[in-house]
Amino acid sequence: MRKRVRAGAYVVCVRDGAVLLAGGVEPTGGTEWTLPGGGLDHGEQPHEGAVREVAEETGYAVRLDALLTVDAVRVSTHHVPPYDLHAVRIIYAGTVVGGDLRFEVGGSTDRAAWVPLGEVPGLVRSSVIDVGLAAWGQSTSTP
C-alpha cells in the first residue's frame, strides 16, 4: 500500500450555539461532515491555507483567533488504489468576518451549514470535528 503524509488546516467557528461545518458525499452515498478546511498547497503557510479553505468551502471570510491544537491520524483511504494516509491536522479557532454562506462547487465538499452544537454527536462526521470542538471547549472554559 502506498504511503502519504498530508498536512491540513481547519477552523472551528462557533456562533450563537452552532458550529460551521462543511459536508461531502462519501463513496457510500451519505454525507460526512467536517470542519471547513483541508490540505495545504505546496509552500502554503497553515494560517493562509485555513483562511483559503474556509472561503472555498463556505463562502465566508474568517479571522483566525488562536491556534487550538495540532494532531495526527493514520487512516486507509477510499481512493483507488487505497493508500496509508498520515494526516497532520492544524486546527484554529476563527470568527466569520464577511461573506455569505454558499456551497462549494467542484471541490471536496458540496454543502456547508451552521449546525447546533447539540446536534453534532448525531452526525456522520470526521474525527477532526470532535478534536477541534474539544480543543475549542478547553480554550473557552474559565478556570
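Regarding segment 100-113, can at least one residue be identified that is assigned to a helix (DSSP H, G or I), of a type outside the set (Gly, Ala, Ser), in contact with an Asp or Glu (Cβ under 8 Å, 6 or more places away or on another chain) and closer than 25 Å to Gly30 by Cα?
no
Kindly provide the set of residues from segment 81-98 that are closer than 22 Å to Val19 by Cα and not aliphatic (A, V, I, L, M), ordered by number.
Arg89, Tyr92, Gly94, Thr95, Gly98
Can you find a residue in segment 81-93 that is of a type outside the set (Lys, Arg), over 30 Å from Met1 (Cβ atoms) and either at pLDDT below 95 or out of contact with any Lys or Arg (no Cβ under 8 Å at 6 or more places or on another chain) (or both)?
The answer is yes, given that some residue of segment 81-93 is of a type outside the set (Lys, Arg), over 30 Å from Met1 (Cβ atoms) and either at pLDDT below 95 or out of contact with any Lys or Arg (no Cβ under 8 Å at 6 or more places or on another chain) (or both).
What are the residue pairs meeting all of these: first residue in segment 38-67, first residue closer than 16 Å to Gly98 by Cα, second residue at pLDDT 95 or above and hydroxyl-bearing (Ser, Thr, Tyr), Cβ atoms under 7 Å, and 6 or more apart or on different chains?
From residues that are closer than 16 Å to Gly98 by Cα, the pairs are Ala50/Tyr10; Ala50/Tyr92; Val54/Tyr60; Val62/Thr95; Arg63/Thr95; Leu64/Tyr92; Asp65/Thr95.
Would you mind telling me which numbered condition in (1) at pLDDT 95 or above; (2) β-branched (Val, Ile, Thr); (3) surrounded by 12 or more Cβ atoms within 10 Å (Cβ to Cβ) Val97 fails?
Against the list (1) at pLDDT 95 or above; (2) β-branched (Val, Ile, Thr); (3) surrounded by 12 or more Cβ atoms within 10 Å (Cβ to Cβ), Val97 comes up short only on (3).
Could you pull out the residue among Leu64, Leu40, Leu68, Leu21 that is touching a Leu at 6+ places or on another chain (Cβ under 9 Å) and either modelled with pLDDT of 95 or more or under 19 Å from Val131 (Cβ atoms) (or both)?
Leu21
Which condition does Ser108 not pass, out of (1) over 13 Å from Ala9 (Cβ atoms); (2) surrounded by 15 or more Cβ atoms within 10 Å (Cβ to Cβ); (3) within 14 Å of the chain's Cα centre (by Cα), if it passes all the others?
(2)
May I ask you to verify whether Gly132 is touching a strand residue (DSSP E or B) at 6+ places or on another chain (Cβ under 8 Å) and outside any strand (DSSP E or B)?
So Gly132 passes the test.
I'd like the full set of residues that are closer than 15 Å to Gly38 by Cα and either outside any strand (DSSP E or B) or β-branched (Val, Ile, Thr) (or both), limited to segment 82-99.
Residues satisfying the conditions are Val88, Ile90, Ile91.
In segment 1-80, which strands (runs of 3 or more DSSP E) lie fully inside it and hold 3 or more residues that are surrounded by 15 or more Cβ atoms within 10 Å (Cβ to Cβ)?
Fully inside segment 1-80 and qualifying: 2-15, 18-25, 31-34, 60-76.
The values are calculated or read from the model by the stated rules, or taken from the named source; none is laboratory data. Since this is a predicted model, take the numbers as computed values, not measurements. Cβ sites come from the backbone with ideal geometry, for glycine too, and all protein chains shown count toward neighbours.
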